[in-house]
Amino acid sequence: MYIGVVSEATQELCEALQRLIPQLGAHKAPPTLEDLRALIRSEASRLLVARDPDESGPIAGVLCLTVYRVPTGLRSIIEDVIVDESMRGRGIGEALMRHAMELARASGAEGVSLTSNPSREAANRLYQSMGFELRKTNPYFYRLK
């Protein structure tokens, strides 16, 4: 299995996300090629891809890591962890997570946050088995669009 940071927005990546994003939730819209270019240019965000069985294999999963500074320190958050339904149960999600956690550590972040829909039971079991702790917080969201 290959895990790497995306350095270029390609048609292959765009097509893979068209396939993967709906698996995250029906309300999520896949990015355009221009959206991907903006994401890859961002200094705060890194998009990781998993390919199986090796670097020449198809894209089997993705994850986005964002590292950003706030007045109280350096924060990191993992978003949009998606492993193709046909490839689940092979350790791809865990490999993506561990790679992202190492990148966050190397950036100087104190920890890594993430949110996960309770209905994604396998994903939540994975996060807990890796040592993520459920936080007691109130998640708020204000829609701007």
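The values are calculated or read from the model by the stated rules, or taken from the named source; none is laboratory data. As the structure is a prediction and not an experimental result, all values here were calculated from the model. As a convention, Cβ positions derive from the backbone with ideal geometry for all residues, glycine included, and neighbour counts pool all protein chains shown. In case anyone asks, the SASA skips ligands and DNA or RNA and just uses the protein heavy atoms, side chains included. Shrake-Rupley method; radii C 1.70, N 1.55, O 1.52, S 1.80 Å.
List of remarks:
- Residues in the range 82-97 that are part of a loop (DSSP other than H, G, I, E, B) and small (Gly, Ala, Ser) were compared, and the one that is modelled with the highest pLDDT is Gly91.
- Residues of the range 45-66 satisfying the condition of being out of contact with any Gly (no Cβ under 8 Å at 6 or more places or on another chain), open to solvent by less than 30 Å² (accessible area, probe 1.4 Å) and small (Gly, Ala, Ser): Ser45, Gly57, Ala60
- In the set (1) exposed (fewer than 13 other Cβ atoms within 10 Å of the Cβ); (2) under 18 Å from Ser7 (Cα atoms), Arg69 fails one condition alone, (2).
- All of Glu8, Glu12, Glu43, Glu79 fail the test of being modelled with pLDDT of 95 or more and in contact with a Cys (Cβ under 8 Å, 6 or more places away or on another chain), apart from Glu79.
- Filtered residues of the range 84-95 (kept if more than 28 Å from Asn138 (Cβ to Cβ) and surrounded by 12 or more Cβ atoms within 10 Å (Cβ to Cβ)): Asp84, Met87, Arg88, Arg90, Gly91, Ile92, Glu94, Ala95
- Cross-chain or 6+ apart pairs with Cβ under 6 Å, the range 50-73 first and part of a strand (DSSP E or B), then open to solvent by 30 Å² or more (accessible area, probe 1.4 Å) and polar (S, T, N, Q): Val67/Ser107
- Qualifying residues in the range 4-14 (those that are without any contact (Cβ under 8 Å) to a residue 24 or more places away in the chain and under 16 Å from Ser56 (Cα atoms)) - the one least open to solvent (accessible area, probe 1.4 Å): Thr10
- Scan of the range 104-145 for residues that are surrounded by 10 or more Cβ atoms within 10 Å (Cβ to Cβ) and among the small types (Gly, Ala, Ser), ordered by number: Ala104, Ser107, Gly108, Ala109, Gly111, Ser113, Ser116, Ala122, Ala123
- Summed over the range 26-43, residues that are closer than 19 Å to Ala60 by Cβ and surrounded by fewer than 13 Cβ atoms within 10 Å (Cβ to Cβ) total 0.
- Residue check for Ser116: touching a helix residue (DSSP H, G or I) at 6+ places or on another chain (Cβ under 6 Å) and assigned to a loop (DSSP other than H, G, I, E, B): yes
- The condition of being part of a helix (DSSP H, G or I) and under 21 Å from Leu20 (Cβ atoms) holds for only one of Ala104, Ala123, that being Ala123.
- Residue within the range 115-124 that is under 15 Å from the mean Cα position of the chain (by Cα) and within 19 Å of Val5 (Cβ to Cβ) present: no
- Inspection of the range 37-47 finds a residue satisfying the criterion of being without any contact (Cβ under 8 Å) to a residue 60 or more places away in the chain, in a helix (DSSP H, G or I), aliphatic (A, V, I, L, M) and farther than 27 Å from Asn124 by Cβ.
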